[in-house]
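The values are calculated or read from the model by the stated rules, or taken from the named source; none is laboratory data. In this text, all values refer to a predicted model and were calculated from it rather than measured experimentally. Neighbour counts run over all protein chains shown; Cβ positions are idealised from the backbone, glycine included. These accessible areas exclude ligands, DNA and RNA; they are computed on the full protein's heavy atoms, side chains included. Shrake-Rupley method; radii C 1.70, N 1.55, O 1.52, S 1.80 Å.
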Amino acid sequence: MGARSRFITLIRLAPLLLTLALLAGGCTTNDPYDTLTDFGDHSKTVRGLFWPVLWVAIFVFFAVEGLLLFTMIRFRRRGGERQMPKQTHGNTRLEVGWTIVPSLVLAIIAVPTISTIVDLARTPQNALQVRVVARQWWFEFIYADPADPNRAVSVASEAHIPAGRPIHWTIESEDVIHSFWVPNLAGKQDAVPGKKNDLVFTARQPGVYHGECAEYCLDSHALMRFIVIAEPEGQFNTWLQGQAQSATARTTGSAGRGQELFLGNACIGCHAIEGSAAQGRTAPNLTHFGSRVSLAGNRLENTPENVVRWVTNPQQLKPGAKMPAFGGTLSEEDIKAIADYLHSLK
Amino acid sequence: MATIPQAAVPGFLRRPTATQGFVGWVTTIDHKKIGALYGVTAFIFFILGGVEALLIRLQLAQPNLDVLTADRYNQLFTMHGTTMVFLVVMPMSSAFMNFLLPLQIGARDVAFPRLNALSYWVFLFGGLFLYSSLFFGGAPNQGWYGYAPLTTKLYTPGHGVDFWALSLQMLGIASLASSFNFIVTALNMRAPGMTLLRMPVFSWMTIVVSFLLITAVPPISVALFEVSFDRFFGTNFFNVAKGGDPILWQHLFWLFGHPEVYILILPAMGIVSEILPAMSGKPLFGYAVVVFSGVAIGFMGWGVWAHHMFVVGLGPAANAAFATSTMLIAVPTGVKIFNWIGTMWGGQLRFAAPAKFAIGFVAMFIIGGLSGVTHAVAPADTQQNDTYYIIAHFHYVLFGGAIFGLFGGIYYWWPKFTGKMLNEGIGTLHFWLLLIGFNLTFGPMHVVGLNGQLRRTFTYAEGTGWDTWNLVETIGAFVIAVAVLAFIYNVIITMRSRVRAPHDPWDARTLEWLTASPPPEHNFDEIPVVHARDEFWHRKYSEDESGRAVPRPDYQPQTAAVVQHAHGSGHGIHMPSPSYFPLVTALGLPIMASGLMMKDSYGYAGWGTIAVGAVVLLTGIYGWCLEPVAEE
């Protein structure tokens with residue numbers, strides 16, 4: 001009897017604990033990647049759809065596991081039974097019943113599911129267009145220059161958006177499949193080479209939201225992070241106008257030497273600094289690098305020391321990073337000068 | 001072939017006669033021995049896949065750990081997934097099918113015994129070929145699902161993907177061969193009186209899974225050929241710059257991949273449908289419904305593949321259609337749960353180890369099924385896709401489901417396989433450790449998944465809120481490891497024990513329990529004539545007017561238990577002879593595959609190796625055709 005009651009208690013406890021854990025996890029937190037928030041209209045809609053379905057699932061869970069448990073206890077062999085059990089082969093009415101009832105429940109779930117799929121695919125008129133180009137292992141965000149709509153303004157790893165206005169993201173990839181995901185704000189959308197995907201969402205209030213590449217893309221997939229900075233519309237417009245300007249760097253002292261080194265080395269083959277000879281397009285655009293808050297896909301704070309670490313050996317911070325390590329070819333002093341130059345690019 | 005006189009047969013074509021020892025095992029075509037080979041091999045791969053999982057969990061125990069490099073981690077999760085799907089659950093199910101199908105339908109062997117041996121050897125070489133990548137520049141690192149264009153040479157220049165693609169191609173051949181074999185066996189070799197609707201449910205699931213395989217393997221074979229041609233011959237199926245389409249791979253892969261989920265789970269469902277009636281002393285509740293829902297799952301499994309692709313950008317119409325079809329497939333699955341509970345209802349349930357695992361299967365599968373419904377809701381899946389929530393879901397289905405079911409099957413049929421009983425106490429310990437470890441490992445993944453932790457990431461930042469749960473998961477994984485050690489210990493002490501199992505220890509219902517434990521090579525001295533579903537039970541019991549089972553006075557277990565005869569003696573039974581040629585034929589494949597990989601670096605040596613492999617393969621096939629039907 002002892003062993004049996006332990007068996008029963010544990011069977012009952014395991015799913016209960018699991019459900020509690022689920023509930024705990026389902027509550028909105030301030031965690032940077034939490035999916036069940038209402039910071040974005042998209043994430044709010046998804047949450048509004050997910051919770052009722054989860055509650056149905058939890059109800060069914062308790063009902064069916066409860067039935068299972070009851071059956072186990074009630075119909076266990078007690079020893080000393082005089083008769084063998086009745087050989088029931090089935091019960092048509094019951095079986096039709098437990099086919100129809102789940103079908104009905106699922107049909108009810110299917111209705112809001114389909115209407116939400118259709119709703120989320122709509123693009124509002126006043127949406128701001130932002131192109132997302134994913135590459136191993138960073139995201140490029142491309143805006144239209146407010147002064148000249150045909151000119152593109154490119155930034156890396158840090159997207160600014162106006163809070164409260166819908167953003168229409170057009171998502172592309174230059175190499176393998178990636179996925180654009182800001183869990184606090186919206187569900188993910190894959191970036192597929194040769195294809196343009198759309199995603200529309202609004203950040204409901206200003207804030208810094210964390211994003212990640214959600215589709216495995218080899219070595220540094222886990223470090224392919226970015227941030228979305230939602231700010232009041234006016235502040236956003238000022239930022240975008242600033243980003244559209246050419247670089248205004250100090251060209252004296254260490255920074256001046258850094259500029260010479262930057263323009264005289266392999267850097268310009270991949271990086272662009274508008275208004276200079278650097279016009280590479282395969283690596284992050286550094287025109288306003290000094291105004292960025294983070295480095296290496298939001299891995300490090302953007303300080304001159306961290307820039308030195310990155311330039312010296314990028315692979316140590318991001319395995320497989322395409323940028324060559326300059327630790328062997330440039331002196332520590334030279335790398336420091338380059339870091340000073342980049343930091344002067346506000 | 002039978003007409004070729006023995007004298008005309010050259011020596012190397014004489015059929016081997018050893019039934020024991022090394023030669024006995026490598027030449028065997030006895031379905032029971034092949035089943036044992038499948039089982040042991042799959043279990044060894046289970047240990048390897050488990051060690052890979054433990055390393056993964058060590059790396060993720062805390063944020064920013066450096067237990068593994070990014071590349072090693074990526075290789076490990078690729079190997080873990082590939083191993084557990086293709087080298088553990090599929091062949092372990094195949095072990096049961098091999099052993100049980102002929103016994104359950106009252107046959108002496110499968111329809112094509114040598115083809116059956118070929119399936120095993122191709123599977124073994126496919127698995128070893130995959131693992132040999134560890135010694136030739138590293139394991140594949142593109143994920144078990146190998147999304148293009150990750151698999152093109154531009155992004156994965158090493159040989160890892162080559163090993164992976166060629167190995168899966170071999171495993172596909174093994175699956176196809178055994179599927180045709182099982183279908184022909186089940187349709188043609190049933191004992192007299194065993195109509196299709198008298199067949200045990202496990203045999204039914206064998207048929208369903210075999211049909212699923214012969215329709216699901218071709219799409220992935222085509223897709224793998226495309227990957228291989230891109231890599232070896234410079235075609236552009238997945239080269240976007242030349243107009244290739246990476247989404248093509250996803251459609252073909254999931255067109256295989258979703259039926260594959262049912263290929264993995266249906267055998268375990270069949271096993272549970274055998275254990276629960278025996279342990280309850282009642283027939284399966286709603287046999288026809290369980291069988292037809294299995295068939296329905298098989299058919300509907302074809303219409304749900306794009307639910308793996310809700311965030312690819314197929315558009316709202318496709319997403320809505322596949323969300324609906326995915327919800328529909330939950331219905332026949334749910335029906336089975338109720339039928340199992342109905343089977344226990346009104347019974348006299350014995351909580352022996354097989355029953356524990358079978359009920360554990362039902363309890364855990366309910367969770368996996370319900371979380372499955374929550375991501376059939378396509379908009380919700382845009383948040384869940386590729387997070388640990390998905391990992392939790394499919395481990396509740398494939399570990400809480402398939403692995404629990406398979407362990408239940410091992411405890412249930414062990415006496416039939418080996419003639420010995422596994423220790424009940426250690427079995428109980430094994431079960432509880434496994435259940436607790438499993439829930440500790442995969443339960444919290446629901447939470448961290450909804451909280452945004454992504455799969456296939458070798459590290460995560462501090463301050464994400466995931467640290468505690470990840471540590472719990474790692475501890476849980478090691479509890480699972482201890483549970484598996486308990487099982488291994490159980491097997492060792494059981495094999496050393498001299499106590500023999502009775503031929504029918506569970507008071508079971510189906511034909512395999514009619515014969516001795518372990519069964520003689522020819523299975524049944526006399527092919528049983530079948531009069532009812534659960535034939536064996538009806539030989540033991542009749543029913544009184546209230547429908548209760550009453551022992552038949554004329555049933556005598558000591559005479560019913562078939563005395564094990566020597567090879568066919570006294571009954572004129574002649575079993576097919578062992579053969580070397582399935583092994584030889586299978587050996588040609590990995591040789592050819594190695595040559596294909598060598599051709600770019602070594603030129604003629606590579607082409608030469610391909611030629612050698614082809615000669616071995618053809619020798620095997622010709623020898624197979626020309627060897628006499630039996631030894632002298």
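With a point put 7 Å past each Cα toward its Cβ, work out how far B:Leu65 is from A:His168 in nm, to one decimal.
In this crude spin-label approximation the distance works out to 4.6 nm.
Nearest 100 Å² is fine: how much accessible area is buried between A and B, summed over both sides, with a 1.4 Å probe? Before the final figure, lay out each step's value.
Working: alone 19280 and 24930 Å², together 35860 Å².
Heavy-atom accessible area buried at this interface is about 8300 Å².
Quick check on my link table: of A:Lys318/B:Lys242; A:Lys322/B:Lys242; B:Lys282/B:Lys336, which ones sit more than 26 Å apart, alpha carbon to alpha carbon? Can you show the working numbers first?
Values: A:Lys318/B:Lys242 30 Å; A:Lys322/B:Lys242 23 Å; B:Lys282/B:Lys336 16 Å.
As for pairs spanning more than 26 Å Cα to Cα, those are A:Lys318/B:Lys242.
Roughly how many nanometres apart are two label points built 7 Å out from the Cα toward the Cβ at B:Leu485 and A:Asp38?
5.0 nm
For chain B, what is the relative contact order in percent, using Cα pairs closer than 8 Å and at least 6 residues apart in sequence? Could the numbers behind the result be given before it?
Numbers: 1052 pairs, mean separation 118.6, N = 632.
Here the relative contact order equals 19 percent.
Per DSSP H run of n ≥ 4, the term is -39500 (n - 2.57); total these for the protein assembly as shown, divide by its residue number, and report the mean residue ellipticity at 222 nm rounded to 500 deg cm²/dmol. Mind dumping the intermediate values first?
Numbers: 29 runs with 534 residues, N = 978.
Value at 222 nm, helices only: -18500 deg cm²/dmol.
Using only the alpha-carbon atoms of region B:584-632, report the extent along each of the three principal axes, biggest first, to the nearest angstrom.
Dimensions of region B:584-632 along the principal axes of its Cα atoms: 48, 13, 12 Å.
Treating cross-link reach as a plain straight distance, find the lysines whose alpha-carbon is under 20 Å from the alpha-carbon of B:Lys32, omitting any fewer than eight places away in the same chain.
Leaving aside lysines fewer than 8 places away in the same chain, those within reach of B:Lys32 are B:Lys416, B:Lys420.
Round to the nearest 0.05 the FRET efficiency obtained for A:Thr252 and A:Arg78 when R0 = 56 Å and r is the Cβ-Cβ distance.
0.05
Would you mind getting me the FRET efficiency between B:Val23 and B:Phe233? Use the beta-carbon distance for r and R0 = 60 Å, nearest 0.05. Write out the running numbers ahead of the final one.
Details: r = 40 Å, r/R0 = 0.67.
About 0.90, to the nearest 0.05.
Please work out the C-alpha center-to-center distance from region A:200-219 to region A:293-335 and express it in whole Å.
24 Å
Averaged across the residues of B:433-441, what count of C-beta atoms belonging to other chains lies within 10 Å of each residue's C-beta?
Numbers: counts 0, 0, 3, 3, 0, 1, 6, 3, 0.
For this peptide, the per-residue mean of nearby foreign Cβ atoms is 2.
Counting trypsin sites (Lys or Arg not before Pro) as exposed when in a DSSP loop with at most 14 other beta carbons within 10 Å, what is the longest stretch of chain B free of them?
Details: sites that count: B:Arg498, B:Arg500.
That gives B:1-497 as the longest site-free run.
Counting only other chains, what is the mean number of Cβ atoms within 10 angstrom of the Cβ of each residue in peptide B:74-86? Before the final figure, lay out each step's value.
Values: counts 7, 0, 0, 1, 1, 0, 0, 0, 0, 0, 0, 0, 0.
Counting other chains' Cβ atoms within 10 Å and averaging over B:74-86 gives 1.
Roughly what would the spin-label model give for B:Thr619 and A:Glu260, points 7 Å off Cα along C-beta, in nm?
A separation of 7.2 nm, rounded to one decimal place.
Residues with amide H under 5 Å of A:Gly194's amide H, sequence separation 5 or more or different chain, H placed in the peptide plane at 1.01 Å from N; which?
For A:Gly194, the qualifying residues are A:Ser173.
Leaving out ligands, DNA and RNA, and with a 1.4 Å probe, what % of the accessible surface on region B:584-632 is carbon or sulfur? Provide the component values of the computation, followed by the final result.
Working: 1940 of 2530 Å².
In region B:584-632, the share of accessible area belonging to carbon and sulfur is 77 percent.
Taking the alpha-carbon distance from A:Lys188 and a cut-off under 16 Å, which lysines remain once sequence neighbours fewer than 8 residues away in the same chain are dropped?
Straight-distance partners of A:Lys188: A:Lys44, A:Lys196.
In whole angstrom, how far apart do the alpha carbon centroids of region B:180-215 and region B:132-150 sit?
Cα centroid of region B:180-215 versus Cα centroid of region B:132-150: 36 Å apart.
Pairs of Cα atoms under 8 Å, at least six residues apart: use those to get the relative contact order of region B:584-632, whole percent. Before the final figure, lay out each step's value.
Numbers: 56 pairs, mean separation 20.9, N = 49.
Normalised by residue count, the contact order of region B:584-632 is 43 percent.
Before I look further, what does region B:14-162 give for accessible area per residue, probe 1.4 Å, in whole square angstrom?
Ligands and nucleic acids excluded, the figure is 31 Å² per residue.
Whole angstrom only: what separates the Cα centroid of region B:460-519 from the Cα centroid of region A:28-60?
37 Å
Hey, what did chain A get for relative contact order, percent, Cα under 8 Å, at least 6 apart?
15 percent
Report, to the nearest whole %, how much of the accessible area of region A:66-175 belongs to carbon and sulfur atoms, 1.4 Å probe, protein only. Before the final figure, lay out each step's value.
On the way: 3140 of 5480 Å².
Carbon and sulfur together cover 57 percent of it.
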